[in-house]
Amino acid sequence: MTKFLDVSLPQTFVSALGQLFVRQLEISGNEASRLTESLFGHENITFGQVIRVTSDDLRIALDQAGIKTAVIKVSEMVELLTQINQNTLVCNACGEFPLAHNGGNVSEIKTAGNACPFCKSGHVEINLIKLRMLAWPDGALVSPETRQDFRTIPGETLELQDDGILVSIGGRLDKPLRDTLTKADLPIYGLLAYMRLEHKRIHSDEDVKKLLQHPEEFGLNNDRLDQVVEEAKEFLASREITNLPPKPKTVKKPQSGGGKGGKIIGGHWCVVEKIGEGRLGTTYLVYNTDLGETATACAKHCFLVTPENIQALKAEALAIWPLGHSALPAFRDFVTLNDGSVLIVMKHFAGPTLRQVLDKVGVLDPYHASWIMERARWALAYLHSEERIHGDICPEHIILRDIENHQIGLVGFSLATTETGAVSLGHSDKYSPPEQIRGELLPSSDFYALARTIIETMVGPAGLESSTMPDGIRPVSLRRLLKQMASHDIAERPENPLETLKEIRNREFGSPDSRAISRPFPRL
């Protein structure tokens, strides 16, 4: 239980509250705690008061908590009802939630039909309702009755309801896809949300039409279609806001023949656990069955690809295979599976991603941000010297594999290319430079993305929304370098920011020998 003065709230509710603040307001976990304290720490509150928090209340609390980076996305936080136990009793007159109170004046009500202790006129009853659905264009939580979304692309109307989506694509839905969605009880918008928000594969109305009418062009055929729909169903269930009990997950029996983990892919790679999702498929921690469980690696099962993408992946694997650098994942294997999908196996870096660190601690101070930047820049310097361009630098692709010794790993090569000026295979909306969005990839494109990543690391997501460099970045010399690296004008970006960065670190934080353990990394 977490106590706000003399009112105790269930820990599941408090956890949900923090998660919603983080997701809806785009703030860190630490900031969410401060915001919760500002909203509820100085008054005797009830559940009914909590769910009636308005955007004005939030703005005042944000100011009191000293949070300047939050972005209000919703007019009120009715979604806070999520994860309240499905048996919670609600007053049918005033909407309050009578709950056991440890010492205060709120009565303990355990039976439906009892009089409400607040308004004295209503009665408490179980009220199971679905409160919010996920808007597939931007991930916002909206009313289940919301038909269209006007926010994501100014001037355009995007359909959110399945019937409207079908009308927008001419009424024709691929039959195997329709049958699979029906069997899984997954709405069309759930698949669109998964493919857009998780895999970044949908960028236009034309992409929506192509996915729903020709899913094979996205690599969705045979077993892959079933797998992606199941993953989309879990993705949707974890984000939709409801006070209904969650449905139990269906766990597929792994193939026989493996040791720990069990499922064998690519002939001799045994899956230990799922690591994450990417643009082209799923990433797993695996080990080589011939060498044993200590021979671990990272396997990317790329099934969300077109035949053209597969050829590009093969060419890229051949180009990167001979590279060797401590911060880059060496290739272990490349397998084309019977269903046409591709398995790419690389060295596994243990440790949290920079994104996972930021989700826990919010932001990092200049000392730690600068060593992460320098190590990433060293890796890029080697990559560029071998005439390779990464093309997808972001917090998700920087792994802090040895924080004490300042060692990182650079992963996420699905957009990499071997040619300066080559056509880009894709881009990230938040980190990619203008030339990459236009379809061209340059070495300085990596510098731009790295600068944007470090800006977010130091000041939070709001630092990427301003057209000017955030004032909160210090020291001034580092701010100046980041501004140059993140310039839209390619000519303004420094050719070799590494030397400048080394000078800044030596001047601001001392020589490598004198740099301290006096700056501990935030506790994770």
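In the stretch 354-509, a dipole from Cβ-located charges (positive for Lys and Arg, negative for Asp and Glu) runs towards its positive end, and of Met458, Ala486, His397 it is Met458 whose Cα lies farthest in that direction. Taking label points 7 Å from Cα along the Cα-to-Cβ direction, Asp471 and Leu323 give a separation of 4.0 nm. Computed from the C-beta positions of Lys210 and Lys430, the FRET efficiency with R₀ = 25 Å rounds to 0.55. Close amide-amide hydrogen proximity is noted between Ala140 and Ala135, each under 5 Å apart and 5 or more residues distant or on a separate chain (H modeled in the peptide plane; Pro and chain starts excluded). A simple packing score, the average count of other Cβ atoms within 10 Å per residue, orders the peptides 405-414, 185-194, 204-213, 487-496 as 185-194, 405-414, 204-213, 487-496, with the highest score first.
Taking 0.36 nm per residue of sequence separation and removing the Cα-Cα distance, the Arg438/Glu386 pair yields an extension gain of 16.3 nm. With 22 Å as the limit, the listed pairs Lys175/Lys263; Lys175/Lys233; Lys175/Lys210; Lys200/Lys430; Lys209/Lys274; Lys263/Lys360 have Lys175/Lys263; Lys209/Lys274; Lys263/Lys360 beyond it between alpha carbons. If neighbour count is taken as other Cβ atoms inside 10 Å, put Cys116, Cys394 in order from fewest to most. Fewest to most other Cβ atoms nearby, the residues stand as Cys394, Cys116. Placing +1 on the Cβ of every Lys and Arg and -1 on the Cβ of every Asp and Glu, with nothing else charged, gives the stretch 133-239 a dipole about its Cα centre of roughly 80 debye.
Extension gain for the segment Val167 to Arg507, taken as residue separation times 0.36 nm less the Cα-Cα distance, is 116.2 nm to one decimal. With a cut-off of 11 Å between beta carbons, the residues surrounding Gly164 carry a summed charge of -3, where Lys and Arg count +1 and Asp and Glu -1. Between rounded, prolate and oblate, where does the stretch 264-346 land on the alpha carbon gyration tensor, with a ≥ b ≥ c its root eigenvalues, rounded for a/c under 1.5, else prolate if a/b exceeds b/c? Oblate is the answer for the stretch 264-346, as a/c is 1.5 or above yet b/c matches or exceeds a/b. Here the stretch 323-453 is treated with +1 on each Lys and Arg Cβ and -1 on each Asp and Glu Cβ, and its dipole about the Cα centre works out to around 200 debye.
For the stretch 337-487, just say rounded, prolate or oblate: build the C-alpha gyration tensor, square-root its eigenvalues into a ≥ b ≥ c, call rounded for a/c under 1.5, and beyond that prolate if a/b exceeds b/c, oblate if not. Oblate. Under the criterion of Cα pairs below 8 Å and six or more residues apart, the relative contact order for the stretch 264-346 equals 25 percent.
What number results when the radius of gyration of the stretch 133-239, computed over Cα atoms, is divided by 2.2 N^0.38 Å? With N residues counted in the stretch 133-239, Rg over 2.2 N^0.38 Å equals 0.98.
Readers should treat all values here as calculations from the given coordinates under stated rules, not as data from a laboratory. Owing to the predicted nature of the structure, the values given are computational and were not obtained by experimental measurement. Ideal geometry is used to build each Cβ from the backbone, glycine not excepted, and the neighbour counts take in all protein chains shown.
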